Each structure stands twice: as structure tokens, then as C-alpha cells.
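Contents: one structure, followed by commentary.
The values are calculated or read from the model by the stated rules, or taken from the named source; none is laboratory data. Note that this is a predicted model, so its numbers are computed, not measured. For neighbour counting, all protein chains shown are included, and Cβ atoms are generated from backbone atoms with ideal geometry for every residue, glycine included.
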Amino acid sequence: MRVGSTFNVAFRALRRNKMRSVLTALGIIIGVGAVIAMVGIGNGAKSQVEAQIASLGQNVILIFSGSTTSSGIRTGWGGAGTLKIEDAEAIRREIPGVVAVSEEVRSITQVAAGNQNWSTQVLGESAEYFDIRQWPLADGAPFTPQDVRSANKVCVVGRTTATQIYGNENPVGQILRIKNVPFVITGVLTPKGLSPQGVDQDDIVIMPYTSAMKRVVGGTTLRGMNVQIGDATEMTAAQQQIIALLRQRHNIRPGRDDDFTVRTQQEIAETATETSKVMTLLLGAIAGVSLVVGGIGIMNIMLVSVTERTREIGVRMAVGAHGSDILTQFLIEAVTLSSVGGVIGIICGIGASQFLAWKFQWPTLISISSIAIAFLFSAAVGIFFGFYPARQAAALDPIEALRYE
Amino acid sequence: MNDGALVRLVDVHKTYRTGEMEVPAVRGVSLDIKCGEFVALMGASGSGKSTLMNILGCLDRPTSGHYVLDGADVSGLDRDRLADIRNRKIGFVFQNFNLLPRTSARENVELPLLYAAQRLTSAQLREKADHVLASVGLAGREDHPPSQLSGGQQQRVAIARALINDPEVVLADEPTGNLDSRTSVEIMGIFQQLNERGITIIMVTHEQDIAAYARRNLVMRDGILLSDKIVTQRATAEGELDKLATSRSNREE
């Protein structure tokens, strides 16, 4: 009933106390603004981490050799050479859905050209590696499957390594000496930037794994493999089948630990995003506290307002207002304050996070859902903190209220 | 309303309970007020006249007895029904005006319409309020808040507010209590004009000369009606204004 005119009444009352209304709404503006900005920053960080994880490649299963428990000493991932080239071939052959496999060896090695030298990570991979990691070349060409089969002395270099050794010169076609073996540089990788762990992914030399095993790393075992699966839905099944296959090939009896580790890119992403999720939650919670404080501000002002306007309430009741009319009026006043504050707060929050993004180059991400949640929450704050004062007002006795001084 | 009684009280009692003590404020009042009467309710403080006024105004319910307003027994109604009765049938005028601060005269007068069952557009509200304000001599003052109006003007706004819903009865509680004597006369003049137009008025006052403007005087003491008299020598606003002028010129001499 008569909600329309009650809205009117509530708006008139708010207009009568402009300064107070603005100050009360300010609490909510700051609260909502802080929530929006903080969650925006948190989500921005999370999406950046996710983007980096995605750069590991689509539908990739990572297999690391180790860890074994022979003689009680456990080595880290990739430490004990338990994976063999034949294992990789078996995976190519027997696991359904496998699109590509890249055998991997790596070592930190001093590389040199001319009078420059530089310690960098040398990675041995198959020719498919660049497709699996979705890592195109900026210049030149990758090595070929033929290079891998023949263990040719070719390599591609990352941007950082290239700059350190050759400065601004184009490294393609140049000779890079690795462990005193001359390698021909066939291409330069596009820069990938820092990994989620803060490692410079461009400080790298990638060569055929066969060449790396023969001339740089030594040994006959692989550190790991990158396996790409065609369809995301087959990831889990493929992961299980790989584990079963490798256990069988390595003659691991049931009940004994694997001497290898299989991880999907998904699992790695989850671990990495966990931190930023916690961060977002923490920032949001701190900002949420200020929103609650804003709500208490509304409650405080509404209680003061009810006391101050006791006579007004008495008059309204005398001329025919029901308790419910008074309740609705004060609720509408509270919710109007909080939701108008919410809208302004959302605008301020977006502005603040845009400013931070621009000023500090922080990635921020404001989703529609966080805006909707912030708005609904601020309206709910109005209802929650407005209800008690409104009920106080509605319960007044008109005779007492009229006599109130 | 078969016998013409607009207000009928039948053996009305009101007892307040303060802890263990029962304090009787009204102890058996029976009363008929017909349509078009102008009644002054008098009595010392503590006589029960305010309590009786609250009951007549449907702000309070009698502990026992019956109150029949406009042919309907309202003594047993709940808060919301009483609020509806107040809205439709009763207009209030208070001693301290009770206007909403920082609110224009027009919006103050519109107030009862906002709680009426019948919904009006804001243009209709405005038109009605301006019309009633003009009828109490406040044309041109519609946009003034109470702080920019004199006491007499504020009471006129309050009277306009009481009249906006065309009530059966106007209840005035010490309407001249906060006004100087000249303004009091003007306000009583307005009440008399309204009464001439057929509006029933019940007024609480403790001043004999204000009660003299009414047609009928009731006197209460200790919660019962002590006397019920028709006013034989009615004061009129014009006459009193003349007297005021005379007394002033006498003093000046």
C-alpha cells in the first residue's frame, strides 16, 4: 500500500537534511569504493598469474623424473634420471589423445660468443616444444625434427640471452659456443617475461634434446616431458593412463611410490592462483570492514534521526500514518542512503583502480559480478542497519511522540 | 447517526497503570456531541481533559465504555484502524502547532493526504493544499517553511492541515496556548468561521475567555464531567478585537 507516497516522504526527509545525508552516505561510498578497488586489484593480479600459467600451453601434462627413494635418499623432481627416451616414445605410441610429446633435459651452462659469455639455462627439447608451449619465434626459424634426429648443433635463444651476448646485433645465423661446442643460432624466441615464480623465462637457450644429451648435459635419461593432449576433457584420463604406463614400464610394484611425477598445467595453475586468491580475499575483507563501519554510521544517524524527529513521527501518526508507513519510510531513507552511496562508491572504486592501474602499472580487473555484489551488499547494509531504528520509530506511541520535547 | 450524535461517549473510563498503582484519569464520562457543535472542554490540569481528548482523537482507547464516532463504535479498534479513522474523520490542531520543520506550508498541509486511502497525483495534492491554505488566509505563503511564519500563521497552517481531509470533527488542544492575545482572537475567529460552515469543533482550553467563543462549555474535574452548559454570552472575534483596541487606547490615555 501507499509505497509510492512513502518513497516521496522519505526522499523529502533526506533532502531536508542534505549535509547529514551526504556525510552518512560517505561512509558507504568509502566502503564500497574500497571493496571495488581492492577486489579489482586482487583480481587483476590473479588474472595476470593465470595468463602466465596459460602460457605454459594448452592441455599440457608435465612429467618429471624422480623422486626415487633408493638408499633412502630422495632427489627432487628431475633429479634422478628415471625417464628414458623410450618412455616418451611409448607415450606417443600408446596413450590415446596425445598430440605432441617433447622430451626435456636441462642444465645451467656458460655460453659464449666472441668476447662475451653468459650463464644461462640450456633446455633440450623436441621440435614440437614451440607448439606445445605456444611460443613463437620473433626472428629466424625453430630447429626441425630432422635436427632432432641427427642431433645437429643448432639452437634458438631467448631475448635476454641474445641481448646479453650479442647486444643489439641480430643473433640469427651466429655461432654460440656452448661447452666449447659451436652451435648455430636458427632463431630468437618472442619474449615471455617473468614466470609466476619470478624467473626470467627469456634467459634461455633451447636446442634439440638429442644434441643437448650428447654435447651439453650428458647422460641418457630425461629430466621430464611435456605432453600435449588434443582435448581438454581427456586430460584426466590421459594423466591416469600415463601414470599406469610409466609404472608398468618401470616395473613399480603396487604400493610402491612412483619414480616420476605427473602434473597437469591445471594443477600448477591452481597452486599459483591460490596465493592471489587469498590476497584478493584479504583485501576484500579489509575493505568489507569499512563497509560495515559505514553501515554502523547509517544506523547511528538513523537512531539520532528517529529521536530528533520523534515529534514528526507523532504528527504523522496523528494524521493517519500506520506503524508500517513509518517503518517503511525510515527503511527507505536508510536504503536510499546506502544504495546511493553504493552507486557513487562503485564509480569511485572504478576510478581509484583505474588510477592505480595507470599510476603504478598494476593490472586491475573489475568484473560486473563484483559491482553487482557490492551494490546488493550496500543495499543490504541499509536494510540491516536501518531496520532497528525504523522499528523503534514505528513502535512509538503517538501521544508520547507528540508530547516529546 | 440516527439521533444526530456525531460523537457519543458511553460511560467511558480510562485507567493508567504505573507499576502496581492504578491511576484513574477518566472515571465514567457520558457525552453526546451533535454535528455542527462548537464545544470547549475545560478543566484544571489533572482533571482528565487531556486523556478524554486523546480518546476523542482516537489516539488512545478507553479502558471501558464505548466511543461511537459517526455511528461506528471505535473503542475496540487496533492501532492501524484507529490511524485510518484519524486520517478520515479527525483533524488535529495542537498547542505547539507541530508542523514539520524545514518543510513548506504546502507540504505540511499535504501530509494527511499522503496517508489517505485515496491516491492523488502531486498536482492534485498541490491544488487541494493551496485551496485550503487560501481558505485560512495564507494564499501566497504556500512555499514558506514554519521558521518564516509567525505563530498565528503557523497555527493557520496547522488548521489547514486539519481541514485537508474534510474531517467530521476538528480537535483543537489549547490552540491559542502559544499565541499572544490578539493572534488568539484571530485564530478563534477562524474556528468560529469554520463552525459557521458546519464543521464540528471540540477544543480543549483552560482559559475562560477562549471557551467563550464556543457554543457549549464542558468542565471536567477529577475525571468526571462537572458541568455542561450552553454559552449564552458568546464572544466574537470582531467584538474582542474592538475590545482589545479600546483597552489599548484606554491604557495609552
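Here the condition is being more than 18 Å from B:L194 (Cβ to Cβ), buried (at least 19 other Cβ atoms within 10 Å of the Cβ) and within 14 Å of chain A (Cβ to nearest Cβ); of B:L77, B:L100, B:L69, it holds for B:L100 alone.
Can you tell me which residues in region B:92-103 are among the β-branched types (V, I, T) and under 15 Å from the mean Cα position of the chain (by Cα)? B:V93, the sole residue that qualifies.
Taken over region A:295-329, the criterion of being more than 14 Å from chain B (Cβ to nearest Cβ) and touching a Ser or Thr at 6+ places or on another chain (Cβ under 8 Å) is satisfied by A:G295, A:G297, A:I298, A:I301.
Filtering region A:350-372 to residues that are touching a helix residue (DSSP H, G or I) at 6+ places or on another chain (Cβ under 7 Å) and under 16 Å from A:Q48 (Cβ atoms) leaves A:S353, A:L356, A:W362, A:P363, A:T364, A:L365, A:I366, A:S367.
Restricting region B:34-52 to residues that are surrounded by fewer than 21 Cβ atoms within 10 Å (Cβ to Cβ) and of a type outside the set (G, A, S) leaves a set whose member that is farthest from the other protein chains (Cβ to nearest Cβ) is B:K34. The set of residues in region B:146-167 being surrounded by fewer than 17 Cβ atoms within 10 Å (Cβ to Cβ) and either part of a loop (DSSP other than H, G, I, E, B) or in contact with a Ser or Thr (Cβ under 7 Å, 6 or more places away or on another chain) (or both) consists of B:S150, B:D166. Of all residues in region B:103-125, those satisfying the criterion of being surrounded by fewer than 21 Cβ atoms within 10 Å (Cβ to Cβ), touching a residue at least 24 places away in the same chain (Cβ under 8 Å) and hydrophobic (A, V, I, L, M, F, W, C) are B:A116, B:A117.
Every condition in (1) out of contact with any strand residue (DSSP E or B) (no Cβ under 7 Å at 6 or more places or on another chain); (2) at pLDDT below 90; (3) closer than 22 Å to A:N152 by Cβ holds for A:V49 except the one numbered (3). When the residues of region B:177-227 are filtered to those that are of a type in the set (V, I, T) and more than 14 Å from the chain's Cα centre (by Cα), the one that is farthest from B:G152 (Cα to Cα) is B:I224. Going through (1) surrounded by fewer than 19 Cβ atoms within 10 Å (Cβ to Cβ); (2) on the phi > 0 side of the Ramachandran plot; (3) not basic (K, R) one by one, B:E174 falls short only on (1). It is to be established whether one or more residues within region A:332-352 are within 14 Å of another protein chain (Cβ to nearest Cβ), modelled with pLDDT of 90 or more and touching a strand residue (DSSP E or B) at 6+ places or on another chain (Cβ under 7 Å). The answer is no; no qualifying residue exists.
Residue-wise test of (1) out of contact with any Phe, Trp or Tyr (no Cβ under 7 Å at 6 or more places or on another chain); (2) in a helix (DSSP H, G or I); (3) farther than 22 Å from A:G44 by Cβ; (4) without any contact (Cβ under 8 Å) to a residue 24 or more places away in the chain.
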position: A:G314; (1), (2), (3), (4): no, yes, yes, no
position: A:G320; (1), (2), (3), (4): no, no, yes, yes
position: A:C348; (1), (2), (3), (4): yes, yes, no, no
position: A:A352; (1), (2), (3), (4): yes, yes, no, no
position: A:P363; (1), (2), (3), (4): yes, no, no, no
position: A:I366; (1), (2), (3), (4): yes, no, no, no
position: A:S370; (1), (2), (3), (4): yes, yes, no, no
position: A:F384; (1), (2), (3), (4): yes, yes, yes, no
position: A:P389; (1), (2), (3), (4): no, yes, yes, no
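If the requirement is being touching a residue at least 12 places away in the same chain (Cβ under 8 Å), within 34 Å of the chain's Cα centre (by Cα) and either surrounded by fewer than 19 Cβ atoms within 10 Å (Cβ to Cβ) or in the same structural domain as A:F385 (by TED's automatic domain parsing) (or both), which of these qualifies: A:T336, A:T280? Within the list A:T336, A:T280, the selection yields A:T280. If only residues of region B:84-93 that are at the interface with chain A (Cβ under 7 Å from one of its Cβ atoms) and touching a helix residue (DSSP H, G or I) at 6+ places or on another chain (Cβ under 8 Å) are counted, the one that is farthest from B:V132 (Cα to Cα) is B:R86. Looking only at residues in region B:104-133 that are at the interface with another protein chain (Cβ under 8 Å from one of its Cβ atoms) and under 22 Å from the mean Cα position of the chain (by Cα), which one is farthest from B:S147 (Cα to Cα)? Across region B:104-133, the extreme among qualifying residues is B:A116. The criterion of at least 1 residues that are surrounded by 16 or more Cβ atoms within 10 Å (Cβ to Cβ), among the hydroxyl-bearing types (S, T, Y) and in contact (Cβ under 8 Å) with a residue 12 or more places away in the chain is met, among strands (runs of 3 or more DSSP E) falling completely within region A:153-236, by A:181-189. State which residue is nearest to the chain's Cα centre (by Cα) when the search covers only region A:360-398 and only residues that are within 14 Å of chain B (Cβ to nearest Cβ) and surrounded by fewer than 18 Cβ atoms within 10 Å (Cβ to Cβ). For region A:360-398, the residue satisfying everything is A:A395.
Determine which member of the set B:V93, B:V23, B:V29 is within 30 Å of B:L114 (Cα to Cα) and not polar (S, T, N, Q).
Values: B:V23 fails: within 30 Å of B:L114 (Cα to Cα); B:V29 fails: within 30 Å of B:L114 (Cα to Cα).
Exactly one residue qualifies, and that residue is B:V93.
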